[in-house]
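Below: one structure, written as structure tokens.
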Amino acid sequence: MSLYFEGVDCRRDVFCQHPHRLEAGLYARLKITKTEPKYLCKFTMMTNPARKYLLTGLLAVGLGAYFIPEGQRRIPVAGASFKDWRPVSFWYYPWGRSGVHKGIDIFAREGTPVLAATGGLVVYSGKITMGGNIVLVLGAKWRSYYYAHLKDIAVPAGQWLNTGEILGTVGSTGNAQGKPPHLHFAINSFFPLLGQYDPRLPQAWKKVFYIDPNAFLRNADSP
Ligand SMILES: [Zn+2]
């Protein structure tokens with residue numbers, strides 16, 4: 001899309017944002033043609049270059065994630081077994097500020113290694129308000145694995161993790177402060193799993209984007 005502003009003398013800039021004519025976030029590439037006695041300025045609408053690269057990057061990661069191999073599965077806390085969490089805590093209601101508990105809490109001593117439940121790419125590692133120190137891993141089938149309340153984080157974003165590799169340690173950071181140390185573990189699906197829709201459940205529409213970690217850890221083939 002091109003816009004022409006006749007008589008606007010902007011010869012000084014070759015690339016500028018036109019504050020009056022363009023919406024926020026839209027940038028203009030400027031080409032000037034000298035047409036006596038006026039200067040004709042041609043603005044070509046384009047998106048912010050940084051945003052363009054970000055979108056391309058996200059698309060590449062998104063498409064690449066399709067090819068991430070599923071790999072093996074394991075309980076993501078060293079030495080933990082099925083008795084170290086309450087299966088009913090998944091989608092438990094009512095639950096604090098989130099309303100519903102969207103994962104499981106695996107209790108362990110502070111500092112116990114947290115291990116990748118399955119392989120994937122670390123897409124975020126850092127601190128957030130509710131989760132505290134967290135690691136987010138993108139795995140096969142466009143699923144993400146969320147490890148929260150970590151004491152320490154052991155992996156940077158961009159690192160590949162195989163099943164069982166250490167990504168941090170059990171802690172009680174974020175909104176788990178003052179509570180017994182545990183790993184909050186949740187699995188998201190970017191694709192809605194419509195078979196999981198049950199209108200009787202609280203936040204029913206959200207549940208189609210979550211996978212029950214109990215089922216995931218119980219059986220290598222399900223869900
Ligand atoms: Zn939790």
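Only the coordinates and a few stated rules stand behind these numbers; no lab work does. This one's a predicted model, so the numbers in the text were calculated from it and none came from an experiment. All Cβ positions, even for glycine, are placed from backbone atoms using ideal geometry, and neighbour counts span all protein chains on display.
Has the stretch 176-190 got at least one residue that is on the phi > 0 side of the Ramachandran plot and either in contact with a strand residue (DSSP E or B) (Cβ under 7 Å, 6 or more places away or on another chain) or of a type in the set (D, E, K, R) (or both)? First the steps, then the outcome.
The initial filter retains those residues of the stretch 176-190 that are on the phi > 0 side of the Ramachandran plot, namely 178.
With either in contact with a strand residue (DSSP E or B) (Cβ under 7 Å, 6 or more places away or on another chain) or of a type in the set (D, E, K, R) (or both) added as a condition, the list becomes none.
Within the stretch 176-190, not a single residue is on the phi > 0 side of the Ramachandran plot and either in contact with a strand residue (DSSP E or B) (Cβ under 7 Å, 6 or more places away or on another chain) or of a type in the set (D, E, K, R) (or both).
Which strands (runs of 3 or more DSSP E) sit wholly inside the stretch 50-135 and have at least 1 residues that are without any contact (Cβ under 8 Å) to a residue 12 or more places away in the chain and of a type outside the set (Asp, Glu)? Lay out the reasoning, then the answer.
On the way: elements: 92-95, 99-101, 104-107, 113-115, 120-128.
Answer list for the stretch 50-135: 92-95.
Hey, any hits in the stretch 141-159 for a residue that's over 19 Å from the mean Cα position of the chain (by Cα) and either of a type in the set (Lys, Arg) or within 16 Å of the ligand (Cβ to nearest atom) (or both)?
yes
Which one is farthest from residue 63 (Cα to Cα) among residues in the stretch 166-199 that are under 20 Å from the mean Cα position of the chain (by Cα) and assigned to a loop (DSSP other than H, G, I, E, B)?
For the stretch 166-199, the residue satisfying everything is 173.
Just one of (1) within 16 Å of the ligand (Cβ to nearest atom); (2) polar (S, T, N, Q); (3) over 25 Å from residue 95 (Cα atoms) trips up residue 175, so point out which.
(3)
For the stretch 160-172, which residues satisfy the criterion of being in contact with a Leu (Cβ under 7 Å, 6 or more places away or on another chain) and either within 15 Å of the ligand (Cβ to nearest atom) or of a type in the set (Ser, Thr, Tyr) (or both)? Give the steps one after another, and end with the answer.
The first filter runs over the stretch 160-172 and keeps only residues in contact with a Leu (Cβ under 7 Å, 6 or more places away or on another chain), leaving 160-161, 164-171.
Scanning the stretch 160-172 gives 169, 170, 171.
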